[in-house]
Amino acid sequence: MTFLPTRFRVALQAILIVFATGAFPALAASSAELDRLFDQLAKAQSPAEAALIEDEIWRQWSDSGSPTLDLIMLRGLKALEAQEYAVALDMFSTAIEIEPDYAEAWNKRATLYYVINDYDAAIADVTQVLAREPRHWAALMGLAVMFDDLDRKEPALGAYRAAFEINPQLEGAEAAIERLKVDVEGRGI
């Protein structure tokens with residue numbers, strides 16, 4: 001995991017902690033509860049406040065509602081952290097087969113594909129994440145980074161903006177938007 005960018009290592013470690021400690025509710029998150037959390041996230045006044053809300057959203061997203069599926073995901077996350085990519089791919093793909101509507105299985109497999117530089121597969125999986133949870137700011141940021149890496153500036157800008165609109169405290173999004181705005185939209189007169 002040492003070759004991963006710091007932001008991905010930290011996120012992966014946080015996800016592993018959530019799964020390993022069982023610090024998520026026993027039942028899948030209600031739409032109303034997520035709506036409330038996203039409203040709070042959009043109004044957060046500081047990165048620290050946003051981080052608390054993000055943690056709760058991640059806990060709810062991480063809860064598949066199935067102990068078996070949660071165990072498969074945990075195994076996949078541990079394999080990803082250990083750079084056992086074939087095992088991680090098998091675990092996340094199995095989770096998707098069991099519950100195709102579980103957005104986090106798609107998201108973790110997209111992360112794996114990103115780590116192994118299979119951007120086409122990662123982008124395809126992010127599309128599946130966003131079909132299931134359009135407010136998934138982390139998937140949008142991942143998509144933006146991949147488009148940015150591929151020098152696809154216009155879709156990168158759109159994805160950064162979408163992520164920033166959902167989570168205005170999102171680290172790096174505003175700077176990326178400002179950087180890309182000039183290239184995509186030009187300078188004002």
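Brief remarks on what is shown
- Heavy-atom surface of segment 68-187, accessible at 1.4 Å and reported per residue (Å²): 47 Å²
- Whole-percent carbon and sulfur share, accessible surface of segment 64-126, 1.4 Å: 54 percent
- Along segment 49-63 the Karplus relation, 6.51 cos²θ - 1.76 cosθ + 1.60 evaluated at θ = phi - 60°, assigns HN-Hα couplings of 5, 4, 4, 5, 5, 4, 4, 5, 5, 4, 4, 6, 5, 6, 7 Hz to successive residues, with x for each Gly and Pro.
- Rounded to whole numbers, the Karplus 3J(HN,Hα) couplings from phi for segment 73-84 are 5, 4, 4, x, 5, 5, 5, 4, 4, 7, 6, 8 Hz, using 6.51 cos²θ - 1.76 cosθ + 1.60 with θ = phi - 60°, and x at Gly and Pro.
The values are calculated or read from the model by the stated rules, or taken from the named source; none is laboratory data. Everything quoted here is computed from the prediction, not taken from an experiment. In case anyone asks, the SASA skips ligands and DNA or RNA and just uses the protein heavy atoms, side chains included. Shrake-Rupley method; radii C 1.70, N 1.55, O 1.52, S 1.80 Å.
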